[in-house]
Amino acid sequence: MPVDFVPLTPADTEDVIDFLASNSFPFHVQATVRARSVRSSVENGRFWNPDAQGYWVLKDGQRLGMVALEDLQDASPLFDLRLQETHRGKGLGVEILQGLCNLVFISMPQVLRFEGQTREDNIAMRKTFLRCGFVKEAHYRLGWPTADGGHVASIAYAILRQDWRDGTVTTFEWEDILP
């Protein structure tokens, strides 16, 4: 069975708050959150507004986590994926990301490219991007704050609509201008 994406609505408010507060997300800027700290943004439509839409990620009727598509007014939206702790490390990332690409490129004809970012030390997600045909487009040195007050690099990946459609990978020359 493929992965399904069920749109979040205001009726999901308490479930979203509970999900975010009951799981730890070590590769996000805030690894843990308290229900009280996210309640206002969720209640005010953080995951259901013209520029963002959240989805429950389901497989065989079981909730694996949630994903938020952001910058939906742009031709280059991005996503924030959060898997429930019990579903991590099981090789679901490629299937989920491929499903997300299908969702975006099929239902949003104005989208030219689809982007995601992660920390440099999130090797599993970085490999998932590459396995799904995404190309590393940016390496923001010390661009991601960590819980201990430090910083690690933020890495941006994207896939082009035509690469998704054709099963290709369009690369580019990093060092195209010499000093």
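Among the numbered criteria (1) surrounded by fewer than 13 Cβ atoms within 10 Å (Cβ to Cβ); (2) in a helix (DSSP H, G or I); (3) hydrophobic (A, V, I, L, M, F, W, C), which single criterion is violated by L142?
Result: L142 fails condition (2) only.
So which of R63, R82 ends up being modelled with pLDDT under 95, assigned to a strand (DSSP E or B), of a type outside the set (F, W, Y) and closer than 25 Å to F19 by Cα?
Values: R63 fails: modelled with pLDDT under 95.
Of R63, R82, the one residue that is modelled with pLDDT under 95, assigned to a strand (DSSP E or B), of a type outside the set (F, W, Y) and closer than 25 Å to F19 by Cα is R82.
Hey, does the stretch 100-108 have a residue that's surrounded by fewer than 18 Cβ atoms within 10 Å (Cβ to Cβ), at pLDDT below 95 and closer than 24 Å to T9 by Cβ? Spell out the reasoning first.
Start the filter on the stretch 100-108 by keeping residues that are surrounded by fewer than 18 Cβ atoms within 10 Å (Cβ to Cβ), which leaves 102, 106-108.
If we keep only those that are at pLDDT below 95 as well, we get none.
Checked the stretch 100-108: no residue is surrounded by fewer than 18 Cβ atoms within 10 Å (Cβ to Cβ), at pLDDT below 95 and closer than 24 Å to T9 by Cβ.
Where the second residue is surrounded by fewer than 18 Cβ atoms within 10 Å (Cβ to Cβ) and the first is in a helix (DSSP H, G or I) and lies in the stretch 89-100, which pairs have Cβ atoms under 6 Å and are six or more apart or on separate chains?
Cβ pairs passing all conditions: V94/R131.
R165 is checked against (1) surrounded by 14 or more Cβ atoms within 10 Å (Cβ to Cβ); (2) more than 13 Å from the chain's Cα centre (by Cα); (3) at pLDDT 95 or above and fails just one. What number does that condition carry?
Status for R165: all satisfied but (1).
Okay, residues lined up against (1) assigned to a helix (DSSP H, G or I); (2) of a type in the set (A, V, I, L, M); (3) over 25 Å from A31 (Cβ atoms):
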residue: T118; (1), (2), (3): no, no, no
residue: G133; (1), (2), (3): no, no, yes
residue: V152; (1), (2), (3): no, yes, no
residue: I155; (1), (2), (3): no, yes, no
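Tell me, which residue of the stretch 25-42 that is out of contact with any strand residue (DSSP E or B) (no Cβ under 8 Å at 6 or more places or on another chain) and crowded, with 16+ Cβ neighbours inside 10 Å is farthest from T118 (Cα to Cα)? Give the derivation first.
Pass one, the stretch 25-42, residues out of contact with any strand residue (DSSP E or B) (no Cβ under 8 Å at 6 or more places or on another chain): 26, 30-42.
Among the residues that remain, those that are also crowded, with 16+ Cβ neighbours inside 10 Å are: 33, 38-39, 42.
Numbers: V33: 19, V38: 21, R39: 25, V42: 23 Å.
Among them, the one singled out is R39.
When the residues of the stretch 157-179 are filtered to those that are in a loop (DSSP other than H, G, I, E, B) and hydrophobic (A, V, I, L, M, F, W, C), which remaining residue is nearest to F114 (Cα to Cα)? Full working, then the answer.
Taking the stretch 157-179 and keeping what is in a loop (DSSP other than H, G, I, E, B), we get 167-179.
If we keep only those that are hydrophobic (A, V, I, L, M, F, W, C) too, we end up with 169, 172, 174, 177-178.
On the way: V169: 13, F172: 17, W174: 20, I177: 26, L178: 29 Å.
Checked the stretch 157-179; the qualifying residue nearest to F114 (Cα to Cα) is V169.
Could you check how many residues of the stretch 46-88 are more than 18 Å from F114 (Cα to Cα), in contact (Cβ under 8 Å) with a residue 60 or more places away in the chain and among the β-branched types (V, I, T)?
The number of residues fulfilling the criteria is 0.
Here is a list of conditions, (1) surrounded by 14 or more Cβ atoms within 10 Å (Cβ to Cβ); (2) farther than 22 Å from T146 by Cβ, and S76 meets all of them except one; can you say which number that is?
Tallying (1) surrounded by 14 or more Cβ atoms within 10 Å (Cβ to Cβ); (2) farther than 22 Å from T146 by Cβ, S76 fails exactly one: (1).
Being under 20 Å from T168 (Cβ atoms) and of a type outside the set (S, T, Y) is the filter here; which residues of the stretch 127-150 pass it?
Within the stretch 127-150, the subset under 20 Å from T168 (Cβ atoms) is 127-137.
Across the stretch 127-150, the qualifying residues are K127, F129, L130, R131, C132, G133, F134, V135, K136, E137.
Does L72 meet the test of being under 15 Å from the mean Cα position of the chain (by Cα) and part of a loop (DSSP other than H, G, I, E, B)? Please lay out each step first, then the result.
Working: under 15 Å from the mean Cα position of the chain (by Cα): yes; part of a loop (DSSP other than H, G, I, E, B): yes.
Yes; evaluated as a whole, the condition is true for this residue.
The values are calculated or read from the model by the stated rules, or taken from the named source; none is laboratory data. Quick caveat, the model's predicted, so the values are computed rather than measured. Cβ sites come from the backbone with ideal geometry, for glycine too, and all protein chains shown count toward neighbours.
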